[in-house]
Amino acid sequence: SLSFITPLTSLVVLIMNLAVLIWHRHNLSRRMGICLALCLLLPMIAAVYQYMHYGISYVNVAMIIALINLFINVIGEQGERLTKNVTKLHDMKIELMISQIGPHFIYNTLSTIKHLCRTNPEQAEKTIDDFSVYLRGNLDSLTENKCIRFETELKHVKAYLAVEQQRFGNRLHVVYDIQDEDFFLPALTLQPIVENAVQHGICAREEGGTVTIQTKLTDNIHKISVIDDGVGFTVSETKTEEHIG
């Protein structure tokens, strides 16, 4: 009788698969390694038992149990991975927001408000309102996955510039040349560019200067320009660095 050939063939194939699993075990998580090992060992044990005892197909029963175990563990591991990715994404958004606001900007703004409370309470109240709008825009960007209207982004930029003008006084002038605002863009697209112009262009110059924000529609293209007459830079001397904006 050649009835032993079927379980013996299955056993040989399972042993080969187990060898491959052991060889590539470092590429798998511990949980998945154990799960896949069970998927191979259970049918192997069943094949040996069936070879010695005839009756129901123990190999098929073992395979079904192993596959159910594999399915449960794969779903569980995917759920854990998804949870980790969501947590990591949330942490990255928080880090992005903190890096975008900047601790120094917060401290300097609070110091400005403290000074205004003594010298100009009405202006202090307005600065607090502008600072609140600025912070709200950054916080909203954490949960905003869609593009926002340009006027919303511009409101955020104006709040930022109003706070900076309280800090730098006559050193910082702002010109708005808004000819087009009926379009959408990702949140925090314009503000980092304006902040860069203020911090590295205008404030690096002792006498200060002017930042101009211009928008216009040209050939169905919405064009935004941020222009400053600050210290400028030499293209050949620029450094390649990684920044978040």
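Is segment 89-179 best put as rounded, prolate or oblate by its Cα gyration tensor, with a ≥ b ≥ c the root eigenvalues, rounded for a/c under 1.5, and otherwise prolate when a/b is larger than b/c, oblate when not? It is oblate, given that a/c is not under 1.5 and a/b is not larger than b/c. Estimated from the Cβ-Cβ distance and a Förster radius of 30 angstrom, the FRET efficiency linking residue 146 and residue 108 is about 0.40. In this calculation the C-beta distance from residue 117 to residue 170 is compared with R0 = 30 Å, giving a FRET efficiency of 0.90. With R₀ fixed at 51 Å, the C-beta to C-beta distance from residue 227 to residue 86 puts the FRET efficiency at about 0.80. Taking all Cα pairs closer than 8 Å and separated by 6 or more residues, the relative contact order of segment 114-245 comes to 22 percent. Across segment 226-232, computed HN-Hα scalar couplings (Karplus, 6.51 cos²θ - 1.76 cosθ + 1.60, θ = phi - 60°) run 10, 10, 9, 10, x, 5, x Hz from first to last residue, x flagging Gly and Pro.
Which shape class, rounded, prolate or oblate, goes with segment 116-232 when its Cα gyration tensor gives a ≥ b ≥ c as root eigenvalues, a/c under 1.5 marks rounded, and past that a/b bigger than b/c marks prolate?
Values: a/c = 2.11, a/b = 1.25, b/c = 1.69.
In terms of gyration-tensor shape, oblate.
Taking 0.36 nm per residue of separation and subtracting the current Cα-Cα distance, fully stretching the chain between residue 128 and residue 41 would add 24.5 nm.
Here, each number is a calculation from the coordinates, and none is a lab measurement. None of these values were measured; they are calculated from a predicted model. Reconstructed Cβ throughout: ideal geometry from the backbone, glycine too, with neighbour counts over all protein chains shown.
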